[in-house]
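First the structure, in the form of structure tokens, and then the observations on it.
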Amino acid sequence: MLRTGTCSPYVGRFAPSPTGELHFGSLISAVASYLQAKSADGEWLIRIEDIDPPREVPGSARRILRDLRLFGMQSERPLVYQSERTAAYHQARDRLIESGKAFWCGCSRADLAGSGRYPGTCRNGIPKGKLPRSIRIRVDDRIVSFSDRLQGKLEENLQQTVGDFVIQRADGLPAYQLAVVVDDAYQGVTEVVRGMDLLESTARQIHLQRCLGLPTPVYAHHPIALGDDGRKLSKRYGSDPITALPHASALEMVLRFLGQSCPSGLSQGDLWLWAVENWKLSNIPPASRYNASTPQ
Ligand code: GLU
């Protein structure tokens, strides 16, 4: 992208987990975050969230990056791989433990089965007979409120919904919530555009940012593609045939899903030019349904 001397403050990102192929649902997040960054003359970054080896599909990070490139999207800074960022997560974890904001927990999944939220069992020390397993962050009996650019004003009292939540799993791996917060700050992300399925993580992430003294980005959660049965497409199909379609048609479908009434029949290059010029976040409908059998 051409820069004209002034330093653009906008930094957006797409953060796929390499657990499958690029599908219609993930393409929506990639395109929405990309266009939001480009229309603000900002930077767009890709971060590979490969911190969960048990769920990783070998080769999928490479294929996701290849497919994004074929669609015309590339990270404007060197890629960040979360698997290479363990030291930063450990540092954040240690700070939280040292300041008393996080604590070791000895509860197993079986111990907690049936309790919707963490009941606080190990908050004041691990009871006799249990061994340290995971690490949890303390949450307060207080409302976390934020204003989502697409979903409006939201409020959550974490103590009532989830309770103290895990930042390091029992297998020793950093939890998604910690890694994403550390990395959004590390990469200087100013706005997070992602699917509504991650809306429920947002108050937790804001709480962690506050505990770590990190800035809170602006959030915009777009609707996710659901099939007629109301299930998330990626879950239903594993990978849908999005990359099997001509790229311009797939891009057109994504833009329409995002409420951008693009002309039909443009080449991929012209479609991008149109999209960057005409992109309006506010055109994204609050909720959408994607009919997999009759895409329009
Ligand atoms: N890695 C997450 C996913 O693929 C997205 C994380 C995020 O955008 O915050 O669902």
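The residue list L251, S264, A37 was ranked by how far each Cα lies along the charge dipole of the chain toward its positive end, using unit charges on Cβ atoms, and A37 comes out on top. Neighbours of A170 by Cβ distance under 9 Å: Lys/Arg scored +1, Asp/Glu scored -1, total +2. The HN-Hα couplings worked out from phi for segment 83-99 by the Karplus form 6.51 cos²θ - 1.76 cosθ + 1.60 (θ = phi - 60°) are 5, 9, 10, 4, 4, 5, 5, 5, 5, 5, 4, 5, 4, 5, 5, 4, 8 Hz, whole numbers, x standing for Gly and Pro. The gain in end-to-end length when the S108 to S264 segment is fully stretched comes to 50.8 nm, 0.36 nm per residue minus the alpha carbon separation.
Legend: residue pairs K101/K128; K38/K101; K38/K153, Cα-Cα distance threshold 31 Å; pairs beyond threshold, K38/K101. When the chain is treated as a GNM with alpha-carbon contacts under 10 Å, the residue of P18, P285, P127 showing the greatest mean-square fluctuation is P127. Note on Y81 and S115: with the Förster distance fixed at 30 Å, the Cβ-Cβ geometry gives a FRET efficiency of about 0.30. Note on V218 and E98: with the Förster distance fixed at 25 Å, the Cβ-Cβ geometry gives a FRET efficiency of about 0.25. Between the Cα long axis of helix 247-257 and the first principal axis of the chain there is an angle of about 60°, rounded to the nearest 10. Positive end of the charge dipole of segment 36-145 (Lys, Arg +1 and Asp, Glu -1 on Cβ, about the Cα centre): tell me which of A92, V139, F71 has its Cα farthest that way. Working it through, the farthest residue towards the positive pole turns out to be V139.
Rounded to the nearest 5, the antiparallel percentage of DSSP beta bridges internal to segment 78-229 is 70%.
Rolling a 1.4 Å probe over the heavy atoms of the protein chains gives the chain an accessible area of 48 Å² per residue. Shown for segment 10-157 is the translational diffusion coefficient from the Stokes-Einstein equation, using the Kirkwood radius over Cα pairs, a temperature of 37 °C and a viscosity of 0.692 mPa s: 176 µm²/s. The value of relative contact order for the chain, using C-alpha pairs under 8 Å at least six residues apart, is 20 percent. Distances between placed amide hydrogens fall under 5 Å for R47 paired with F14, A15, all partners being 5 or more residues away or on another chain. Students often get this wrong: which residues of segment 12-50 have the backbone nitrogen under 12 Å from the point 7 angstrom along Cα-to-C-beta of A244? From segment 12-50, the list is empty. Close amide H contacts of H222 (hydrogens built in the peptide plane, cut-off under 5 Å, sequence separation of 5 or more or a different chain): R194, G195, M196. Once the Cα atoms are used to define both axes, helix 268-278 deviates from the longest principal axis of the chain by about 70 degrees. Each Cα pair of segment 56-135 feeds into the Kirkwood radius, which the Stokes-Einstein equation turns, at 37 °C and 0.692 mPa s, into a diffusion coefficient of 200 µm²/s. Averaging Cα coordinates gives a centre for segment 181-223 and one for segment 83-114; these two points are 19 Å apart.
Once the Cα atoms are used to define both axes, helix 24-39 deviates from the longest principal axis of the chain by about 80 degrees. Dimensions of the chain based on its C-alpha atoms, expressed as ranges along the principal axes with the largest first, amount to 68, 49, 38 Å.
In this simple spin-label model, placing a label point 7 Å from the Cα along the Cα-to-Cβ direction at both L131 and D171 gives a separation of 1.8 nm.
Placing +1 on the Cβ of every Lys and Arg and -1 on the Cβ of every Asp and Glu, with no other charges, gives the chain a dipole of roughly 700 debye about its Cα centre. Electrostatic tally near E156: other residues with Cβ closer than 9 Å to its Cβ, Lys and Arg +1, Asp and Glu -1, net -1. Available extension along the chain between R256 and Q74 is 63.3 nm, counting 0.36 nm per residue and deducting the alpha carbon span.
Calculated mean residue ellipticity, 222 nm, the chain: -10000 deg cm²/dmol, from DSSP H runs (n ≥ 4) at -39500 (n - 2.57) each, averaged per residue and rounded to 500. Mind running the shape call on segment 75-177? Use the C-alpha gyration tensor, a ≥ b ≥ c as the square roots of the eigenvalues: rounded below 1.5 for a/c, prolate if a/b tops b/c, oblate otherwise. Verdict is oblate for segment 75-177.
The values are calculated or read from the model by the stated rules, or taken from the named source; none is laboratory data. All values reported here derive from a predicted model rather than from experimental measurement. When we count neighbours, we look across all protein chains shown, and the Cβ atoms used for this are built from the backbone with ideal geometry, even at glycine. All accessible areas refer to the heavy atoms of the entire protein, side chains included, with ligands and DNA or RNA removed. Shrake-Rupley method; radii C 1.70, N 1.55, O 1.52, S 1.80 Å.
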